[in-house]
Each structure stands twice: as structure tokens, then as C-alpha cells.
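First comes the structure, then the notes that go with it.
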Amino acid sequence: QVQLVESGGGSVQAGGSLKLSCVVSGMTDCRDVVKWYRKAPGKEREFVSSINRDGIATYADSVKGRFTTSQDNANDTVYLQMNSLRPDDTAKYYCKTDPSRKCPWNNFWGRGTQVTVSS
């Protein structure tokens with residue numbers, strides 16, 4: 001079955017950097033788009049970034065210019081490089097697959113990795 005495992009979270013001071021990884025297993029031709037979301041206490045879950053199999057990425061305005069999504073398709077891994085981190089980036093970060101016309105059932109989440117940014 002499909003599994004997603006995030007890693008790379010931790011604690012960092014404002015202005016620092018972290019790199020998150022998401023390993024997606026159990027997929028064949030349905031692993032086309034992987035998205036990053038984050039959830040902070042007291043806030044709604046929000047979109048962070050998206051990347052498709054061709055490497056085309058999109059970003060939320062709040063992280064544009066600071067975060068970069070990349071991938072290694074051969075190893076089924078998606079990355080989120082986070083630079084210039086701010087305290088309001090503190091959240092649990094999740095990666096997920098995305099439904100498509102070919103694979104409408106493809107909507108799986110990882111368990112998340114915590115990112116904490118101190119002032």
C-alpha cells in the first residue's frame with residue numbers, strides 16, 4: 001500500500017534552515033504530484049508547496065522565495081528546503097499525494113514532522 005514518511009524536522013533559530021524529506025513508497029504510475037502542507041496549533045491546515053513528476057513546483061505566497069521543493073524520482077523522494085525560517089513557520093509539516101483523473105483514489109498523507117522556529 002501507499003506510504004509516505006517525512007523526516008528532517010527539528011528546532012532552529014529564526015533565520016536558520018531545515019531540509020525536509022518525504023519518501024513515497026507503494027506507488028507505480030500514480031505518484032505524479034506531491035504536496036506539502038503544514039498545521040500549527042490554533043491555525044487551519046495550509047498549503048505550502050506542490051511538485052509534479054516533471055519538477056514543476058508551486059508555492060504559497062507565504063513561503064515563496066524562502067522554500068524550494070525538489071525531487072529525486074528514481075528514489076521516490078521529495079524535498080522541501082526551508083531557508084530564512086521565521087517563528088510563524090512553526091508547524092507540523094506533512095507531505096501527501098494528490099488525486100488525479102487516472103488515480104482518483106490517490107490521496108494519502110504521511111504522519112508529519114515537527115518544525116519549531118524560535119525567536
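Restricting attention to the range 33-49, does a residue exist that is in contact with a Lys or Arg (Cβ under 6 Å, 6 or more places away or on another chain), of a type in the set (A, V, I, L, M), at pLDDT below 95 and not in a loop (DSSP other than H, G, I, E, B)?
No - not one qualifying residue is present in the range 33-49.
Taking the range 63-112 as the search range and keeping residues that are polar (S, T, N, Q) and not in a strand (DSSP E or B), which one is farthest from SER25 (Cα to Cα)?
Among those that are polar (S, T, N, Q) and not in a strand (DSSP E or B), it is SER84.
Identify, by number, the condition in (1) modelled with pLDDT of 95 or more; (2) part of a strand (DSSP E or B); (3) not acidic (Asp, Glu) that VAL24 doesn't meet.
Here VAL24 clears every test but (1).
Is there any pair linking a residue in the range 35-51 that is open to solvent by less than 60 Å² (accessible area, probe 1.4 Å) and aromatic (Phe, Trp, Tyr) to one that is assigned to a loop (DSSP other than H, G, I, E, B) and modelled with pLDDT of 95 or more, with Cβ under 7 Å and at least six apart or on different chains, and which?
Filtered contacts from the range 35-51: TYR37/ARG45.
Right, CYS30: at pLDDT below 95, open to solvent by less than 10 Å² (accessible area, probe 1.4 Å) and outside any strand (DSSP E or B) or not?
Here the answer is no, as CYS30 does not meet what is asked.
Hey, THR58 hits all of (1) in a strand (DSSP E or B); (2) touching a residue at least 12 places away in the same chain (Cβ under 8 Å); (3) touching a Ser or Thr at 6+ places or on another chain (Cβ under 9 Å); (4) open to solvent by 40 Å² or more (accessible area, probe 1.4 Å) but one; which does it fall short on?
Condition (2) is where THR58 drops out.
Of everything in the range 9-20, what is farther than 20 Å from GLY65 by Cβ and surrounded by fewer than 17 Cβ atoms within 10 Å (Cβ to Cβ)? Give them in sequence order.
GLY10, SER11
Identify the single condition in (1) of a type outside the set (Ser, Thr, Tyr); (2) over 12 Å from the mean Cα position of the chain (by Cα); (3) under 15 Å from GLN3 (Cα atoms) that VAL34 does not satisfy, given that it satisfies every other one.
Result: VAL34 passes all but (2).
Going by what's in this entry, would VAL5 be described as in contact with a Leu (Cβ under 8 Å, 6 or more places away or on another chain), open to solvent by 40 Å² or more (accessible area, probe 1.4 Å) and of a type in the set (A, V, I, L, M)?
So VAL5 does not fit the description; no.
Within the range 63-109, track down each residue that is without any contact (Cβ under 8 Å) to a residue 40 or more places away in the chain, surrounded by 15 or more Cβ atoms within 10 Å (Cβ to Cβ) and over 15 Å from GLY9 (Cβ atoms).
Within the range 63-109, VAL63, ARG66, THR68, THR69, GLN71 meet the criteria.
The values are calculated or read from the model by the stated rules, or taken from the named source; none is laboratory data. What you see is a predicted model; the values in this text were computed from it and never measured. Neighbour counts run over all protein chains shown; Cβ positions are idealised from the backbone, glycine included. SASA here: full protein model, heavy atoms, side chains in, ligands and nucleic acids out. Shrake-Rupley method; radii C 1.70, N 1.55, O 1.52, S 1.80 Å.
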